[in-house]
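Asker: The structure is given below, and queries will be raised subsequently.
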Amino acid sequence: MAVPYPNDRQRSGNGQERDFRIGIASKVILESIDENLEWDALLERTASRLRLSLEVASERTRVRDAFLAAELDLEWTNQVVYTVEGTFRRPLAAGDPEAVAEADLREVADAVLGLGWPGSGHKPSRTIYECFVELGGRYRHCDVYWAMHKHLKDFKLRVVRAHWMLQDDLSAMLADPSLTQHERHEIERELEEDLVRRYVAWLGRPVKKRRFANGREADLFDPSRGLLIEAKVYHRDDVLVAHGMGQAMYYRTLDRLPIDTRIAVLIPGAPSDAVVRLLDIYDVGLIHPQGDAFVEVLRG
């Protein structure tokens, strides 16, 4: 969850438990300021103080959320400086980057885009910290964070599991050989869920998942049109789209669905000729975004 800019926080509804965690994280950072510790070491110390485990996903999320919020608050109020080396120190009298006013955050966002996406020698995605480092520390980490969330997220860049990339660079990111199989699976799942949410919002009416008696689940079932939809994040690879098509065909055989139930594949961009030919041969529908709308080519 993104930490709102200070001027927006009257609407954020943090809650007492979260405020307590942020307070503990702030104390850990300030108490350790002269130890020259890096982010991960302080994160572990915060987890220990909160009696939470970084090995448990739900607890790790709460610790990271509190620590990030604490870091942003402390830097915004000029109590600490987060360095490009990944450590914390006390503010100096001179040489530290100046605070950026909210109205000037767009300048920081332009500087982030000016890094090039992707740049020579870089992966197609970056974290906020990597952007902060590549900008040479001329802006505070907190200002880079807020500029990217306020002016780039869902406009110029998309973020998945802390990785920021151009809106049309999803396939390049998923092809990154440094990703583990688990990381790639999790990213694919989040991208598919996001694609489904966008499509349902465009439809403007409630369409939900369909869970079958054997525990399997179709991404969407539109009973008003007798339509099963399976989402895939690859829109040019015909083999991977075929996998989604096969899933939809299998779901059509479950729970005595009507024989005329139609199927379609939902993908994030314009398909390749091979994908169009594949779906046409097997009489499978195709749905994909085009601008702010979606194109539906339904068959059967």
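The values are calculated or read from the model by the stated rules, or taken from the named source; none is laboratory data. As the structure is a prediction and not an experimental result, all values here were calculated from the model. Here the Cβ is made from the backbone with ideal geometry for all residues, glycine too, and neighbour counts use every protein chain on show. Note: areas computed on protein heavy atoms with side chains; ligands, DNA, RNA excluded. Shrake-Rupley method; radii C 1.70, N 1.55, O 1.52, S 1.80 Å.
Asker: If I take every Cα pair under 8 Å that is 6 or more residues apart in the chain, average their sequence separation and divide by the length, what percent do I get for the relative contact order?
Answerer: RCO, the chain: 10 percent.
Asker: Another question, if that's okay. Ordering Glu98, Glu296, Glu186 from largest to smallest accessible area (1.4 angstrom probe), what's the sequence?
Answerer: Greatest to least solvent exposure: Glu98, Glu296, Glu186.
Asker: Something else about it: Phe132: accessible area at probe 1.4 Å, nearest 10 Å²?
Answerer: 10
Asker: Take every DSSP beta bridge with both residues inside the chain and express the antiparallel ones as a percent of the total, to the nearest 5.
Answerer: Close to 70 percent.
Asker: What ranking of Tyr199, Tyr129, Tyr282, Tyr234 comes out by heavy-atom accessible area, probe 1.4 Å, highest first?
Answerer: Ranked from most to least accessible, the order is Tyr282, Tyr129, Tyr234, Tyr199.
Asker: Given (1) 134; (2) 201; (3) 168, which label gives volume of the Cα convex hull per residue in Å³ as computed from the coordinates?
Answerer: Read-out taken from this structure: (3).
Asker: How much length, in nm to one decimal, is gained on full extension between Tyr129 and Asp34, taken as 0.36 nm per residue of separation minus their Cα-Cα distance?
Answerer: 32.0 nm
Asker: So for the pair Asp8, Asp283, with labels modelled 7 Å out along Cα→Cβ, what separation do we get in nm?
Answerer: My value for the distance between the label points is 4.9 nm.
Asker: Test of understanding: what is the full-extension gain from Phe20 to Ser224, defined as 0.36 nm times their sequence separation minus their Cα-Cα distance?
Answerer: 68.6 nm
Asker: I would also like to ask the following. Pop the C-beta distance of Val200 and Arg89 into the FRET formula with R0 = 30 Å and round what comes out to the nearest 0.05.
Answerer: For R0 = 30 Å, the calculated efficiency reads 0.05.
Asker: Quick check for you: with a 1.4 Å probe and neighbouring chains kept, what is the accessible area per residue of the chain, in Å²?
Answerer: Value returned for the chain: 54 Å² of accessible area per residue.
Asker: Let me ask another. Whenever you get a sec, compute what percent of the accessible area on the chain sits on carbon and sulfur atoms (1.4 Å probe).
Answerer: Roughly 50 percent of what the probe reaches on the chain is carbon or sulfur.
Asker: Would you tell me the accessible area of His149, worked out with a 1.4 angstrom probe on the heavy atoms of the protein chains, in Å² to the nearest 10?
Answerer: 50
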